[in-house]
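Novice: Right, I'll just put the structure down here and ask away after.
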Amino acid sequence: MANNNTGTQPEGLCARGSEDGYHAQFERTLGKFESFAVAFSFISITTGLFATYGSMLASSGPVGIWTWPLVTLGTLLVALVFGLLASKIPLSGFSYQWASRLVNPILGWWFGWASFAFLAIVAVAVDYSLAQVALFPLLGWEYTAAAGAITTVVLLITQMLLIIWSTPILTKINNMAVGAEVVAVLGLIIAIGAAVLFFGKGHASNLVSTGIIHSDNYFGWLGPFMLSGLLGAFTLVGWESAANLAEETHNPKQVVPRAMVNAILVSGVLGTLFLIVISLGLGDNVAELTKSSAPVADVIRMTLGDIFSKVVLVVVCVAIFACGLVIMTSNSRLIHAMARDGRLPFSEKLSVVPRPTGGPLWATVLAGFVSIGIVLSFYTSPDALTQLLGAATLFPALLYSGTVLLYIFTRHKQVNHPDDFNLGKWEWPVVAGACIWLFVEMCVFIIPSDFRVAQMYVLASMASGFVVFLTVWITRRKQLERMPVLGSYT
């Protein structure tokens, strides 16, 4: 990104002035590693794999792990398209900003609302995961729906307060969590692999086993194997959070696209190896562990012992907490970006940033309390996590599809600059590959009846969005329709 600092702004502040009409409110504290860490932490393979591995065993059996590399490849293609847009319009609010500037603010508003609904539900899914598959097994507590809900609320409030207090502090927590997560995953891959190879604590046949699932039409169109795509589709999301913090990143036009792509690559490789050793470690207990509420934790305990498993679960708890922290941070920045443009009720309050090293106060409070409201709606549900996983997977699939279509239909409006991230001759093959992958993903998560609860959440969220949109239309129509300044980003 070109240097836009003016003489009145301290070095490092996000100061664009006439370029896009915004005044500096955040300090640029994120470098290459921090931007990567934000994207990697949102993906958080420990969060996703601990949360979804049990669902995969129940729907597809151990062989379902081989959808993971396929989802990684498809997601990588989508991220490259996002990188092209993130480089041209490096502003908080990602898809909201891109649609607003490339088409019109009305479309941008709906992109923003869909992103808000996704971030609100995925924050709940992640914190529920922390409670059910890591914290409760670590402490030896029996998991119940009420206990899970209460723990999730406490986690959400804690994350909300940290975000409001200090961006540098939450960045340090996240950096520490990312380092610990990488070390823990590599350690588990080596340790469980050694236990399987040298001590016979596992079976290679599990890598091609359908478990308790009948083999008829297993690999057919929308059969059990395709349903196991939830494993990767839930986990490999949120990498675009690096774009949502572009205004707090140094040289975001180059740093943010690479951070998103690298986070997916590292997560894809580590996740593949981790899934292989966990599936090997199931041993003869596939049927029994399919019924477990925390099968990954059980495999670690069976292969490595109680003490080692507890140490690992401590690290996993930190990693999942950091994942939830990044998700709520991303949502607070999205709300702030929309409020700054006057696109929400109470925009004046929601756009307030008390100090450049802290989070937007009321935007963060709103993000936190909406997620708490979602928790209360699942308070008595014993399979809350499964339902949340479905909803938190369908929404990003819709958002990614919409954003790739946005890129295709507005490509003729976009002006390339020398410092833009670009794909050269590979641009359109990548776009075509992303479209093919997203079509398959949308079929998997819309056609089968397994995801009806997720679809109802999406419909209810968009219906709620209509009420909010109508309110904004009546009270802030001029602000809603006002085109943002394009500046030099497009």
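Novice: Give the number of residues within the range 161-171 that are exposed (fewer than 15 other Cβ atoms within 10 Å of the Cβ) and either within 19 Å of the chain's Cα centre (by Cα) or outside any helix (DSSP H, G or I) (or both).
Specialist: 0
Novice: Follow-up. Could you tell me whether Val299 is more than 24 Å from Trp239 (Cα to Cα), among the β-branched types (Val, Ile, Thr) and outside any helix (DSSP H, G or I)?
Specialist: Spelling it out, it is not the case that Val299 is more than 24 Å from Trp239 (Cα to Cα), among the β-branched types (Val, Ile, Thr) and outside any helix (DSSP H, G or I).
Novice: Scan the range 224-270 for residues that are more than 19 Å from Leu73 (Cα to Cα) and not in a helix (DSSP H, G or I) and jot them down.
Specialist: Leu245, Thr249, His250, Asn251
Novice: Further, regarding this structure: Can you name the residue in the range 403-424 that is among the aromatic types (Phe, Trp, Tyr) and surrounded by 15 or more Cβ atoms within 10 Å (Cβ to Cβ) and, of all such residues, is modelled with the lowest pLDDT?
Specialist: Phe421
Novice: Of Glu441, Glu427, which residue is surrounded by 11 or more Cβ atoms within 10 Å (Cβ to Cβ), of a type outside the set (Val, Ile, Thr), touching a residue at least 24 places away in the same chain (Cβ under 8 Å) and over 28 Å from Leu388 (Cβ atoms)?
Specialist: Answer to the selection: Glu427.
Novice: Of (1) of a type in the set (A, V, I, L, M); (2) surrounded by fewer than 17 Cβ atoms within 10 Å (Cβ to Cβ); (3) outside any helix (DSSP H, G or I), Val314 satisfies all except one. Which?
Specialist: For Val314, the exception is condition (3).
Novice: Kindly indicate which of Leu385, Leu399, Leu304, Leu325 is modelled with pLDDT under 90 and under 23 Å from Leu49 (Cβ atoms).
Specialist: Answer to the check: Leu385.
Novice: Please indicate, with yes or no, whether at least one residue in the range 263-283 is over 16 Å from the mean Cα position of the chain (by Cα), farther than 19 Å from Ile45 by Cβ, surrounded by fewer than 24 Cβ atoms within 10 Å (Cβ to Cβ) and at pLDDT 90 or above.
Specialist: yes
Novice: Within the range 39-58, is even one residue surrounded by fewer than 22 Cβ atoms within 10 Å (Cβ to Cβ) and in a helix (DSSP H, G or I)?
Specialist: Checked against the condition, which is being surrounded by fewer than 22 Cβ atoms within 10 Å (Cβ to Cβ) and in a helix (DSSP H, G or I), the range 39-58 yields at least one hit.
Residue-wise test of (1) in contact with a Leu (Cβ under 7 Å, 6 or more places away or on another chain); (2) within 25 Å of Trp98 (Cβ to Cβ).
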{"residue": "Val326", "(1), (2)": "no, yes"}
{"residue": "Ser332", "(1), (2)": "no, yes"}
{"residue": "Gly342", "(1), (2)": "no, yes"}
{"residue": "Pro354", "(1), (2)": "yes, no"}
{"residue": "Gly390", "(1), (2)": "no, no"}
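Novice: Considering only residues that are among the hydroxyl-bearing types (Ser, Thr, Tyr), more than 17 Å from the chain's Cα centre (by Cα) and closer than 15 Å to Leu405 by Cα, which ones fall in the range 79-115?
Specialist: Matches in the range 79-115: Ser100 only.
Novice: Could you check the range 337-392 and list, in sequence order, the residues that are charged (D, E, K, R) and farther than 23 Å from Ala58 by Cα?
Specialist: Arg340, Asp341, Arg343, Glu348, Lys349, Arg355
Novice: Looking at the range 59-99, which of the residues that are among the small types (Gly, Ala, Ser), farther than 30 Å from Asp383 by Cβ and in a helix (DSSP H, G or I) is modelled with the lowest pLDDT?
Specialist: Ser95
Novice: To continue, here is another question. Of all the residues that make up the range 342-365, how many are in a helix (DSSP H, G or I) and either touching a Ser or Thr at 6+ places or on another chain (Cβ under 8 Å) or touching a residue at least 60 places away in the same chain (Cβ under 8 Å) (or both)?
Specialist: 5
Novice: Which of the residues that make up the range 278-296 are in a helix (DSSP H, G or I), in contact (Cβ under 8 Å) with a residue 12 or more places away in the chain and of a type outside the set (A, V, I, L, M, F, W, C)?
Specialist: Selection gives Ser279, Thr290, Pro295.
Novice: Can you confirm whether the range 26-33 contains a residue that is closer than 26 Å to Leu313 by Cα and modelled with pLDDT of 90 or more?
Specialist: yes
Novice: Being part of a helix (DSSP H, G or I) and buried (at least 16 other Cβ atoms within 10 Å of the Cβ) is the filter here, so list the residues in the range 183-206 that pass it.
Specialist: Correct list: Ala184, Val185, Leu188, Ile189, Ala191, Ile192, Gly193, Ala195, Val196, Asn206.
Novice: Still on this model: Can you find even one residue in the range 212-220 that is among the acidic types (Asp, Glu) and within 16 Å of the chain's Cα centre (by Cα)?
Specialist: no
Novice: Follow-up question, since we're still on this one. Can you pull out the helices (runs of 4 or more DSSP H) entirely within the range 394-490 that have at least 2 residues that are among the hydroxyl-bearing types (Ser, Thr, Tyr)?
Specialist: 452-475
Novice: Scan the range 356-371 residue by residue and report those that are surrounded by fewer than 19 Cβ atoms within 10 Å (Cβ to Cβ) and closer than 18 Å to Ser461 by Cα.
Specialist: Result: Phe369, single match.
Novice: Search the range 88-140 for residues being aromatic (Phe, Trp, Tyr), touching a Phe, Trp or Tyr at 6+ places or on another chain (Cβ under 7 Å) and closer than 21 Å to His412 by Cα, and hand back the single one that is surrounded by the most Cβ atoms within 10 Å (Cβ to Cβ).
Specialist: Here the residue is Tyr96.
The values are calculated or read from the model by the stated rules, or taken from the named source; none is laboratory data. Given the structure is predicted, the values throughout are model-derived calculations rather than measurements. Quick reminder, even Gly has a Cβ in these numbers, built from the backbone with ideal geometry, and neighbours come from all protein chains shown.
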